[in-house]
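Here the structure is laid out as structure tokens; the discussion comes afterwards.
The values are calculated or read from the model by the stated rules, or taken from the named source; none is laboratory data. Being a predicted model, the structure only gives us computed values, none of them experimental. Backbone-built Cβ (ideal geometry, glycine too); neighbour counts: all protein chains shown.
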Amino acid sequence: MNFFTRFFAVFFVLSLVWIALVYFQTGNQTKTSQWVNDAYEKKIKIANSIQKKKVIIVAGSNAMFGIDSRKISSFFKLPVVNFGVNAGLYLPYNLYKAKQVIKKGDILLMPLEYPMYGYDGVPNEQMIDSILSRDRALFFQLSFKEQFSILWNVTLNRIYRGYQKKGGQEVRVGLFGVHHLDNNGDQIRTDVKYQSKWMRGRIYNHFANTPETYGKDFQENSLGMQYIEEFVNWCRERDVKIIFMPSTLMKHNSYATDLKEKWFYNNIQNIIKNKGWNYIGNPYDYMYEKQYYFDSNFHLVKKGRELRTTQMIEDLKKSSIVKSLQP
């Protein structure tokens, strides 16, 4: 047996061992995935309690912190579920969970965080943790690239935590968890008075000085756009109407001056519309100054949420598409 044959034989055996180590701890609940699971369980329960047509807000935590669902409900004259939880779980996970509560005839508002459009198939630790711990069925729905990336990027520490099985107890402390979600799924206690010194420091010392580069990173043929197209088609089969809208994002000069960033925010709505999908609003209208953000450049304080919700309603009022959807 020559060197290369021995090398590949050893590599194959080690790969099988690694896959087995990963596989046999899937489904074991981890403490690190607990608050996300708690939030989704509550929001799924809220959605399933509604036995008629409803509006579902599908996005990450920019929606959870940044939309007053009661005002959106009054506008549509329909019940509303804020299904935003965590954009850090990435696009496939967010869409997978949304499918669990969507029913025929529902209306979806989708103010997706901008990096979701450019999702490239490389998972992060949060996505890996939640899939392996809570939603392993999603693993088999992902592309080969994503499956390989999960197996390649999962750490020994994460596997060890899986075998420890320390999840299962509902999180009731800290910023994130069901204890800070109201009966629509909106995040509560986001007044400025609840903003800690550490949170304020993140806003004023980091996010205010660190613009994002979502325009630079975006590709029109990204895996994210492919996922969105599949999701739109899935919804059409169920007579579910989708309205894409801007995410909120802390304002930075570079978003209007840098060529790639400017192109992205000026064109994302056209990219969506050119596919025959509905997009309402201008991204720049949803970018606010730093004093309106709570603990990140996507999370609004209560006053910021009011501004953003008012802007959403004003934009929705102008749309003939929306008028046709109202009772």
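Annotations
- If the condition is being within 19 Å of VAL301 (Cβ to Cβ), of a type outside the set (Asp, Glu) and out of contact with any Leu (no Cβ under 9 Å at 6 or more places or on another chain), then segment 64-84 contributes SER69, ARG70, LYS71, GLY84.
- Scan of segment 296-311 for residues that are closer than 17 Å to MET245 by Cα and part of a loop (DSSP other than H, G, I, E, B), ordered by number: PHE298, HIS299
- Residue ranges of helices (runs of 4 or more DSSP H) in segment 155-231 with at least 1 members under 27 Å from TYR114 (Cα atoms) and of a type in the set (A, V, I, L, M, F, W, C): 197-201
- Among the residues of segment 243-264, the ones that are in contact (Cβ under 8 Å) with a residue 60 or more places away in the chain and within 17 Å of ARG308 (Cβ to Cβ) come to 7 in all.
- Put simply, of ILE313, ILE271, ILE203 the only residue that is touching a Lys or Arg at 6+ places or on another chain (Cβ under 8 Å), surrounded by fewer than 19 Cβ atoms within 10 Å (Cβ to Cβ) and of a type in the set (A, V, I, L, M) is ILE313.
- Cβ-Cβ contacts under 6 Å between residues 6 or more apart (or on different chains), taken from a first residue in segment 171-183 that is touching a residue at least 24 places away in the same chain (Cβ under 8 Å) to a second residue that is small (Gly, Ala, Ser), are listed as VAL171/GLY177.
- Among (1) surrounded by 21 or more Cβ atoms within 10 Å (Cβ to Cβ); (2) free of Cβ contacts under 8 Å to residues at least 60 places away in the same chain; (3) not acidic (Asp, Glu) - the single one PRO79 does not satisfy: (1)
- Residue that is farthest from ILE188 (Cα to Cα), among those in segment 35-75 that are of a type in the set (Lys, Arg) and crowded, with 21+ Cβ neighbours inside 10 Å: LYS54
- The residues of segment 115-154 that are β-branched (Val, Ile, Thr), outside any helix (DSSP H, G or I) and under 20 Å from the mean Cα position of the chain (by Cα) amount to a single one, VAL122.
- Selection count where residues are within 17 Å of LYS260 (Cβ to Cβ) and acidic (Asp, Glu), scope segment 207-230: 3
- Residue in segment 287-295 that is of a type outside the set (A, V, I, L, M, F, W, C), in a helix (DSSP H, G or I) and surrounded by 20 or more Cβ atoms within 10 Å (Cβ to Cβ) present: yes
- Residue in segment 159-166 that is under 22 Å from the mean Cα position of the chain (by Cα) and closer than 19 Å to THR32 by Cβ present: no
- THR210 within 30 Å of PHE264 (Cβ to Cβ) and touching a Lys or Arg at 6+ places or on another chain (Cβ under 8 Å): no
- Criterion (out of contact with any Lys or Arg (no Cβ under 7 Å at 6 or more places or on another chain), buried (at least 23 other Cβ atoms within 10 Å of the Cβ) and either modelled with pLDDT of 95 or more or among the hydroxyl-bearing types (Ser, Thr, Tyr) (or both)) met by exactly one of LEU138, LEU112: LEU112
- Residue check for SER73: closer than 25 Å to ASP239 by Cβ, small (Gly, Ala, Ser) and touching a Ser or Thr at 6+ places or on another chain (Cβ under 9 Å): no
- Residues in segment 1-34 that are within 13 Å of VAL178 (Cα to Cα) and surrounded by fewer than 11 Cβ atoms within 10 Å (Cβ to Cβ): none.
- Among the residues of segment 241-258, some residue qualifies, meaning at least one is buried (at least 20 other Cβ atoms within 10 Å of the Cβ) and over 19 Å from the mean Cα position of the chain (by Cα).
- The single condition among (1) buried (at least 17 other Cβ atoms within 10 Å of the Cβ); (2) over 22 Å from VAL58 (Cβ atoms); (3) not aliphatic (A, V, I, L, M) that GLU125 does not satisfy is (1).
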